[in-house]
Amino acid sequence: MDMLPPPNPSTVSHTVLRLILGPLEAQVMEVLWANGKCTVREVVERLGRSIAYTTVMTTLDRLYRKNLVTRRMRGRAYLYAPRVTCQEWKEQVARDVVAKLLAGPDASREALLACLLETVAQQDAVLLHEIEKRVRQAT
């Protein structure tokens, strides 16, 4: 069985972000996290590519309905802001993914643990040591 190369830490969070959200939703959230409060027009400008105003407006409305952004009227336009920080969002996604994987059959849970430990061992020996220490403390 061919092993996949270890993930590049600089792109892992963006890859996960795009798997959970659509590609445009992820880009819009990144704009809001980087800039704070923005109108639709400001998001369009900061995306740095040709995209219809109405497409971004619809995307922001979807993010609002998913409870990921807040909005309030400023003049005649909505001002959007992220409801949570990027780090808070990543932590919640990680908790949700792990909880769903652990809810599966024993074989799935064992595979998850093996994969997690293998990836940590490849990426961060200090973190692996910290995990080992916490497991010893918990038992």
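The values are calculated or read from the model by the stated rules, or taken from the named source; none is laboratory data. As the structure is a computational prediction, the values presented were derived from the model and not from experiment. Note: ideal-geometry Cβ built from the backbone for every residue, glycine included; neighbour counts use all protein chains shown. Each accessible area value is taken on the protein alone, full model and side chains, heavy atoms only, with ligands, DNA and RNA left out. Shrake-Rupley method; radii C 1.70, N 1.55, O 1.52, S 1.80 Å.
Which whole-number value in Å² is the accessible area per residue of the stretch 82-139, probe 1.4 Å?
Accessible area per residue: 79 Å².
With Cβ to Cβ distances under 14 Å as the rule, what net charge do the other residues near V126 carry (K, R +1; D, E -1)?
-1
The overall shape of the chain is prolate: from the C-alpha gyration tensor, with semi-axes ordered a ≥ b ≥ c, the ratio a/c is 1.5 or greater and a/b exceeds b/c. Counting protein heavy atoms only, the chain has 58 percent of its accessible area on carbon and sulfur, 1.4 angstrom probe. Here r is the Cβ-Cβ distance between R134 and A34 and R0 is 25 Å; the resulting FRET efficiency, rounded to 0.05, is 0.15. Near the amide H of T70, under 5 Å away, which other amide H atoms are found, from residues 5 or more places off or on another chain, if H is placed in the peptide plane? The list, which skips near neighbours in sequence, is A81, R83. Among 108-120, 23-35, 60-72, sorting by the average number of other beta carbon atoms lying within 10 angstrom of each residue, highest first, gives 23-35, 60-72, 108-120.
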